[in-house]
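The values are calculated or read from the model by the stated rules, or taken from the named source; none is laboratory data. Quick caveat, the model's predicted, so the values are computed rather than measured. Don't worry about glycine lacking a Cβ; one is built from the backbone with ideal geometry, like all the others, and counts go over all protein chains shown.
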Amino acid sequence: MNKKYLIILIAVIACAGLFAYPKANAQRSRNTVVVSASWHDHFFSAEEMAENSDIVVGGVLDSSYTELRGNLVFTRSQILVERVYAGDCAEGTIIEVLQTGGDYKDHHTAPISESPLIEPSTKYLLMLSLTEPDDRFGQYYLISGGYQGMVKVSEYPAEEDLNGAFDPVFDMKH
Amino acid sequence: MKHSMKRIMIVLTILLIVSTSFIYAITPRSYYGNTSKYYKWDSSSIKCYVDSTITSTFSTSVCNSIKAGLTAWNNSDAPAVTFTTSYSNWDVLAEAGDYGSSGWDALCTTSCSSLSNNIYIEDYAIIDLNTYYLDNYLSVNNLWRAICCHEMGHAHGLAHNNNEDSIMNEYTTGYYNYLGSSPHFTAPQYADFLGVNAIY
């Protein structure tokens with residue numbers, strides 16, 4: 001009987017060790033860049049984020065271009081809106097979403113780890129906030145909660161299932 | 001005798017599981033989280049250059065708060081941060097700019113060039129402060145200190161977490177709530193020391 005529990009204890013310790021100890025890896029990598037942000041806004045649920053967003057849409061990348069602000073490159077993604085869930089926006093229109101990261105001439109800024117750049121040929125659900133008009137940069141949308149308001153989907157969900165589609169964002173973090 | 005041994009084994013097992021889970025839950029992750037990859041400095045001290053975009057722009061009190069935040073990890077096992085006035089030999093560059101409405105108050109870019117046993121060795125880190133948002137809080141010196149402490153945490157290899165008692169929370173008001181009463185962290189907390197000391 002004692003032996004059985006001793007074996008269980010050893011197994012638990014072994015599992016904990018395997019979990020915590022870094023595996024040996026002889027690979028070498030060059031110029032790995034990690035970018036992290038201290039986000040200005042943050043939400044604790046999809047419902048709260050939806051209430052504080054200007055529009056909630058489904059869309060795909062139409063085109064994109066980059067710009068330089070100081071030493072940092074930003075990407076403006078033109079999103080073709082295919083589905084509107086909330087806000088003043090029409091299906092078939094193009095909206096502009098700004099994200100940090102991209103290439104501009106000889107400048108390169110890696111995207112923020114939590115907020116990879118919007119990819120082509122991919123459907124996204126987006127909760128977006130419209131920025132204040134700015135003489136230098138114009139007006140555009142930001143992803144609500146920094147990165148929280150963007151999820152990839154295979155199909156756009158029904159309206160009643162919208163918030164549930166963002167669950168992975170909040171489940172992962174909380 | 002057999003029964004008491006059995007009870008001890010059960011209690012020990014439960015204690016082990018609970019304590020492991022607890023430590024895992026409260027400890028800030030390295031950048032590569034659960035994949036067992038880390039990045040860190042391969043040195044006992046690093047040099048930080050505070051750019052003129054900070055020193056020529058902000059008041060002495062804000063500059064001092066920024067520097068205090070950048071050196072806030074010096075009583076941990078992370079490399080000690082010292083300041084250099086020479087642009088040619090920095091490890092960490094701190095600069096500020098008006099990046100417009102970007103969604104972030106500050107950014108840390110870390111570049112690593114080698115990997116050995118899943119540990120990336122850092123070449124340099126750049127900390128950018130976005131004055132578009134932060135200029136509204138020029139009188140809140142501790143906010144600048146908190147943000148620079150947070151970003152230096154990234155430079156030392158820590159990732160975000162959702163621990164309410166950590167300077168490494170992913171959003172600014174999560175560790176320094178300039179809009180409310182708490183939290184008001186300006187230095188690494190217990191969980192942060194656990195995290196960074198685990199790396200170094």
(request) Go over the candidates B:Ala187, B:Ala198, B:Ala155 one by one and state the one that is closer than 21 Å to B:Ser45 by Cα, at pLDDT 95 or above and in contact with a strand residue (DSSP E or B) (Cβ under 9 Å, 6 or more places away or on another chain). (result) B:Ala155
(request) Take segment A:52-75 and flag every residue that is within 12 Å of another protein chain (Cβ to nearest Cβ) and either surrounded by fewer than 16 Cβ atoms within 10 Å (Cβ to Cβ) or not polar (S, T, N, Q) (or both). (result) A:Glu67, A:Leu68, A:Arg69, A:Gly70, A:Asn71, A:Leu72, A:Val73, A:Phe74
(message) Suppose we keep only residues that are touching a residue at least 40 places away in the same chain (Cβ under 8 Å) and in a helix (DSSP H, G or I) within segment B:132-142. Which one would you say is nearest to B:Ala72 (Cα to Cα)?
(response) B:Asn142
(request) Looking at (1) in contact with a Pro (Cβ under 8 Å, 6 or more places away or on another chain); (2) buried (at least 18 other Cβ atoms within 10 Å of the Cβ), find the lone condition where B:Tyr132 falls short. (result) (1)
(message) Restricting to segment A:101-157, and then to whatever is more than 13 Å from every other protein chain (Cβ to nearest Cβ) and of a type in the set (Ser, Thr, Tyr), can you tell me which residue is nearest to B:Thr173 (Cα to Cα)?
(response) A:Tyr124
(message) Just to be sure I understand the filter: pairs with C-beta atoms under 6 Å, separated by 6 or more residues or on different chains, first member in segment A:144-157 and over 16 Å from A:Ile79 (Cβ atoms), second member assigned to a loop (DSSP other than H, G, I, E, B) and among the hydrophobic types (A, V, I, L, M, F, W, C). Which pairs pass?
(response) A:Gly145/A:Phe43; A:Gln148/A:Phe43
(request) Kindly provide the set of residues from segment B:151-200 that are aliphatic (A, V, I, L, M) and more than 26 Å from B:Glu122 (Cα to Cα), ordered by number. (result) B:Leu179
(request) Could you list, in sequence order, all residues of segment A:88-105 that are surrounded by 15 or more Cβ atoms within 10 Å (Cβ to Cβ) and free of Cβ contacts under 8 Å to residues at least 40 places away in the same chain? (result) A:Cys89, A:Gly102, A:Tyr104
